[in-house]
Amino acid sequence: MIIRSADTGYHHPRSSEITSRSTYLGRREWLQHLALGAGGAALAGWASRDALAAVARPGKLAALVGVSSPLPGASTVEKVTAYEHASTYNNFYEFGTDKSDPVARAKSLKTSPWTVSVEGLVNKPRTYGLEELLKLAPMEERIYRLRCVEGWSMVIPWMGYSLGALIRAAQPLGSAKYVEFVTQADRDTMPGLRSSVLLWPYVEGLRLDEAMHPLTLLAFGMYGEVLPNQNGAPVRLVVPWKYGFKSGKSLVKIRFTDKEPSTAWNIAAPQEYGFFSNVNPDVAHPRWSQATERRIGEEGGLLAKRRKTLMFNGYEPQVGQLYAGMDLRKFF
């Protein structure tokens, strides 16, 4: 398959409103200091307000502050999806299969205390508390396109840092080729686990070079605040050039392996959901085309004009080399 160049989208004037640091009180202040943590010196960023993330906070949850990412491709200039849409139109089958189920039911999710174990083929396995993860690297705001395999899309400002920071700390062995991500599966707080629609816990995976790519994000927040439960609190993966289901929510385990992980959707329907699941307008889903998408929140709703889907969701200049020479129809 020929790899094409990608459109860069449309101009989006960022908001100049930045919440004052002095307004963070109690838990908000605690989370802010954790988020900056060890990276505080590198961020000396409080001295330059212009360096802070510029998307206005919705004022719903505790603030999580970082700087706008300097990485190429990390900040699309397309219009950001309204928080009300991004936080209420969700796929999180652990809470139900309807889009409205997660926001209605995820209040039961207990996000504190929270730990993530890093294990498998690494020199330095360990279990991290959430507070330790928040301090592992400086927080950045990344404004990414999100493309669902169902044919809809959003633009979301995430807060976190490159997963590569955690991978480097773990020091993978030379035999490690893949990274497996295991998500929370608590029947007491996740009513969707009573369904047999998927094999629980939800498991996803990446090739090690995909996981190490700087755009692969370990996310702790969105829209300048900590993640809402329905969006994968307290920590999730975001891989912007792949369909959304590849970005596991509410992570509890990251395991390095020499074998390709068996992932939830690939187990459920291997003819429909391949391991790679890169956004590709030229490879249709068996039941629908992937050539266009519907942007959630745009005027017109279900009748709004559909837009062309970009190869690798528009991140081809950054990630295309990862798949050089591969048959992307075979390895879908």
Residues being open to solvent by 10 Å² or more (accessible area, probe 1.4 Å) and polar (S, T, N, Q): count how many of those fall in segment 141-167.
-> 1
Those residues of segment 296-313 which are on the phi > 0 side of the Ramachandran plot, open to solvent by 10 Å² or more (accessible area, probe 1.4 Å) and in a helix (DSSP H, G or I), in sequence order | 301
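So if I check each of 272, 293, 260, which one is on the phi < 0 side of the Ramachandran plot, assigned to a strand (DSSP E or B) and acidic (Asp, Glu)?
Only one candidate passes the filter, namely 293.
When only residues in segment 123-140 that are in a loop (DSSP other than H, G, I, E, B) and in contact (Cβ under 8 Å) with a residue 60 or more places away in the chain count, which is surrounded by the most Cβ atoms within 10 Å (Cβ to Cβ)?
Of all residues in segment 123-140, those in a loop (DSSP other than H, G, I, E, B) come to 123-125, 135-139.
With the extra rule that they be in contact (Cβ under 8 Å) with a residue 60 or more places away in the chain, the set shrinks to 135-139.
On the way: 135: 19, 136: 16, 137: 21, 138: 20, 139: 26.
Out of the qualifying residues, it is 139.
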Out of the residues in segment 288-332 that are in contact (Cβ under 8 Å) with a residue 24 or more places away in the chain and among the acidic types (Asp, Glu), state the one that is farthest from residue 89 (Cα to Cα).
-> 327
In segment 97-116, how many are in contact (Cβ under 8 Å) with a residue 60 or more places away in the chain and surrounded by fewer than 18 Cβ atoms within 10 Å (Cβ to Cβ)?
-> 7
So, of the residues in segment 46-85 that are modelled with pLDDT under 85, out of contact with any Gly (no Cβ under 8 Å at 6 or more places or on another chain) and open to solvent by less than 60 Å² (accessible area, probe 1.4 Å), which turns out to be farthest from residue 227 (Cα to Cα)?
-> 48
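The values are calculated or read from the model by the stated rules, or taken from the named source; none is laboratory data. Computed from a predicted structure; not experimentally measured. A quick note on method: Cβ atoms are made from the backbone with ideal geometry, for glycine too, and the neighbour counts reach across all protein chains shown. Surface areas here come from the heavy atoms of the whole protein model, side chains and all, with no ligands, DNA or RNA. Shrake-Rupley method; radii C 1.70, N 1.55, O 1.52, S 1.80 Å.
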